[in-house]
């Protein structure tokens, strides 16, 4: 479904509001996930205080601009879902990690971004590629 300009602005504002308050963020390629898996992921996200959103990359890049997660913009390529930890810093990472364990062949690409909001000095991005044993620190 195509979004008009006003709808795009609303999406950017919503994601930006969550990004501004989040402890950490995870972006994962969702290609290969079934509707049932994605529905279950959304349910678990709500239960664990994670804001989960599938959003176009151009809109996601605009939403994280000016936030602690701005450094993940250049990694936003392909069909991604964004998960922001709103209550616990590790909750989004655990959510995606648990999904990856159950659907190891579905998630093709995953990167985790953690930001220490108390100092705002650290920004770490890990790019995890298939196979799951290969982890690159960018």
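The values are calculated or read from the model by the stated rules, or taken from the named source; none is laboratory data. Only a predicted model underlies this, so the values are computations on that prediction, with no experimental measurement involved. Note: ideal-geometry Cβ built from the backbone for every residue, glycine included; neighbour counts use all protein chains shown.
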For the stretch 4-30, which positions are farther than 18 Å from residue 66 by Cα, part of a loop (DSSP other than H, G, I, E, B) and under 14 Å from the mean Cα position of the chain (by Cα)?
30
Scope the stretch 65-98; condition touching a residue at least 24 places away in the same chain (Cβ under 8 Å), out of contact with any strand residue (DSSP E or B) (no Cβ under 8 Å at 6 or more places or on another chain) and surrounded by 15 or more Cβ atoms within 10 Å (Cβ to Cβ); matching residues
67, 94
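For residue 81, are the conditions met, namely being under 24 Å from residue 4 (Cα atoms), part of a strand (DSSP E or B) and either at pLDDT below 90 or more than 14 Å from the chain's Cα centre (by Cα) (or both)? Spell out the reasoning first.
Working: under 24 Å from residue 4 (Cα atoms): yes; part of a strand (DSSP E or B): yes; either at pLDDT below 90 or more than 14 Å from the chain's Cα centre (by Cα) (or both): yes.
Taking the combined requirement at face value, the residue satisfies it.
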Pairs returned, first residue in the stretch 10-28 that is at negative phi and loosely packed, with under 15 Cβ neighbours inside 10 Å, second residue that is modelled with pLDDT under 90 and not in a strand (DSSP E or B), beta-carbon separation under 8 angstrom, 6 or more apart or interchain, are 20/67
Do you know which residues across the stretch 31-68 are more than 17 Å from residue 11 (Cα to Cα), part of a loop (DSSP other than H, G, I, E, B) and in contact with a helix residue (DSSP H, G or I) (Cβ under 9 Å, 6 or more places away or on another chain)?
33, 48, 49, 68
Where a residue in the stretch 49-63 is in contact (Cβ under 8 Å) with a residue 40 or more places away in the chain and at positive phi and its partner, wherever it lies, is part of a helix (DSSP H, G or I) and surrounded by 16 or more Cβ atoms within 10 Å (Cβ to Cβ), with Cβ under 7 Å and at least six apart:
49/91
